[in-house]
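The values are calculated or read from the model by the stated rules, or taken from the named source; none is laboratory data. These figures come from a predicted structure and were not determined experimentally. Note that each Cβ is placed from the backbone with ideal geometry, even for glycine, and that neighbours are counted across all protein chains shown. Note: accessible area is taken over every heavy atom of the protein model, side chains too, but ligands, DNA and RNA are not part of it. Shrake-Rupley method; radii C 1.70, N 1.55, O 1.52, S 1.80 Å.
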Amino acid sequence: SEVHQMSPNKIKLIRRRSGVSQPVFARIINVSLAAIKQWERGERRPSGAALKLLNLIERKGIQVVL
């Protein structure tokens, strides 16, 4: 399905709904902790595989990637 960009608030909401901390979320998506923090502050935007994983987690839940 279609992959869409996400706002910083949406990324934070997805992580919180998943019930995981920033460091754990970073490991699940395979990015650095700094990247997660920057995404949630709006300093950078996810792209590529990380953005696809975020979209998948948003639609189906974090259990899909664990």
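Within the range 34-49, identify whether any single residue is out of contact with any helix residue (DSSP H, G or I) (no Cβ under 8 Å at 6 or more places or on another chain), touching a residue at least 40 places away in the same chain (Cβ under 8 Å) and either surrounded by 17 or more Cβ atoms within 10 Å (Cβ to Cβ) or at positive phi (or both), and answer yes or no. Among the residues of the range 34-49, not one is out of contact with any helix residue (DSSP H, G or I) (no Cβ under 8 Å at 6 or more places or on another chain), touching a residue at least 40 places away in the same chain (Cβ under 8 Å) and either surrounded by 17 or more Cβ atoms within 10 Å (Cβ to Cβ) or at positive phi (or both), which makes the answer no.
Residue check: GLN63 meets all listed conditions (1) touching a residue at least 40 places away in the same chain (Cβ under 8 Å); (2) open to solvent by 60 Å² or more (accessible area, probe 1.4 Å); (3) among the polar types (S, T, N, Q) but one, namely (1).
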